[in-house]
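The values are calculated or read from the model by the stated rules, or taken from the named source; none is laboratory data. Keep in mind the model is a prediction, meaning the values are calculated, not measured. Reconstructed Cβ throughout: ideal geometry from the backbone, glycine too, with neighbour counts over all protein chains shown.
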Amino acid sequence: MVRRGLDRWVAGRRIAEVEVLHPRAIRRHIAGSQDFRTRLAGQSVLGASRRGKYLWLPLDGGGALLGHLGMSGQLLVQPSDAADETHLRVRVRFADDGPQLRFVDQRTFGGLSLEAMKDGLPLPISHIARDPMDPEFDDATFIRALRAKQTAVKRALLDQNLISGVGNIYADESLWRARLHYDKPSSSLTRPRAAALLAEVRAVLDEALAQGGTSFDSLYVDVNGESGYFARSLNAYGREDQPCGRCGTPIRRSPFMNRSSYYCPKCQRR
Ligand SMILES: [Zn+2]
């Protein structure tokens, strides 16, 4: 998915220098800025991998540069002479003087760190589940875990231990398509309904990826994945008081985990 875009720009390149413009962006690297910069310099990037809101670059030294995107973080590949972004936090210069890797984060909830690898994953994220577009995502395991959980179905969709890659927008859109209320207990879903929900999650992600073509093709790599989802294709999210595309009932908005849930009160009954 988005990973492919980044992979193409960074694989095989040697890091010359790392500049930390905001210490908060590397607060997860406990040894500090100097150690972070020293250890990265001279290492070659082997590729780019992604799981949920985490993205990492395996390095020839055996570790990986891990990016936690948080709410607003982005990893951009920019020409070396491009002006600095307002919220540029970390800049990686390569030995070839080509395009730079830049970590930009308005709210600085995210950050970068250098991590050891275990079983092909950076240590801190070994618990994060695969995303449903991953060929190795196991449908049966997910459906079983979803139905075994004592939680609301939307909370389950946002739970990265269960499934990754589903943000607030995608969750609302998938639930609308599956005609499920966000607060419905996940344990009350029958196996076919859980399978149908997973199919709708995939359909939404598929569509979002198809529309967010810029993520693949341009230098701009939005690892968040959601900004490419154009408003015109949304059925529920952000459509408070507008008619439901199925039944015409005004879409309702309810507070949910410091955010909002959008749903049709008629098609999606609790
Ligand atoms: Zn409706």
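Key figures for this structure:
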quantity: Residue pairs meeting the criteria (Cβ under 7 Å; at least 6 apart or on separate chains; first closer than 22 Å to GLU207 by Cβ and in a helix (DSSP H, G or I), in the stretch 2-13; second of a type in the set (S, T, N, Q) and modelled with pLDDT of 80 or more); calculated: ARG3/SER49
quantity: Where a residue in the stretch 239-262 is more than 14 Å from LEU175 (Cβ to Cβ) and its partner, wherever it lies, is of a type in the set (Phe, Trp, Tyr), with Cβ under 7 Å and at least six apart; calculated: GLU240/TYR262
quantity: Any chance ALA208 is touching a helix residue (DSSP H, G or I) at 6+ places or on another chain (Cβ under 8 Å), modelled with pLDDT of 95 or more and part of a helix (DSSP H, G or I); calculated: no
quantity: Matching residues, the stretch 153-167, being closer than 18 Å to ALA236 by Cα and of a type outside the set (D, E, K, R); calculated: VAL153, LEU157, LEU158, VAL166, GLY167
quantity: In the stretch 237-270, the residues that are more than 8 Å from the ligand (Cβ to nearest atom) and on the phi > 0 side of the Ramachandran plot; calculated: GLY238, ASP241, MET257, ASN258
quantity: Restricting the stretch 238-264 to residues that are in contact with a Ser or Thr (Cβ under 6 Å, 6 or more places away or on another chain) and either part of a loop (DSSP other than H, G, I, E, B) or of a type in the set (D, E, K, R) (or both), the residue that is surrounded by the most Cβ atoms within 10 Å (Cβ to Cβ); calculated: CYS264
quantity: Criterion: within 30 Å of SER187 (Cα to Cα), at pLDDT 90 or above, surrounded by 13 or more Cβ atoms within 10 Å (Cβ to Cβ) and of a type in the set (D, E, K, R) - qualifying residue of ARG130, ARG147, ARG89; calculated: ARG147
quantity: Pairs with Cβ under 6 Å, 6+ apart, first in the stretch 51-77 and over 11 Å from PRO122 (Cα atoms), second of a type in the set (Gly, Ala, Ser) and assigned to a loop (DSSP other than H, G, I, E, B); calculated: GLY52/SER164; GLY52/GLY165; HIS68/GLY110; LEU69/GLY110; GLY70/GLY110; GLY73/GLY110
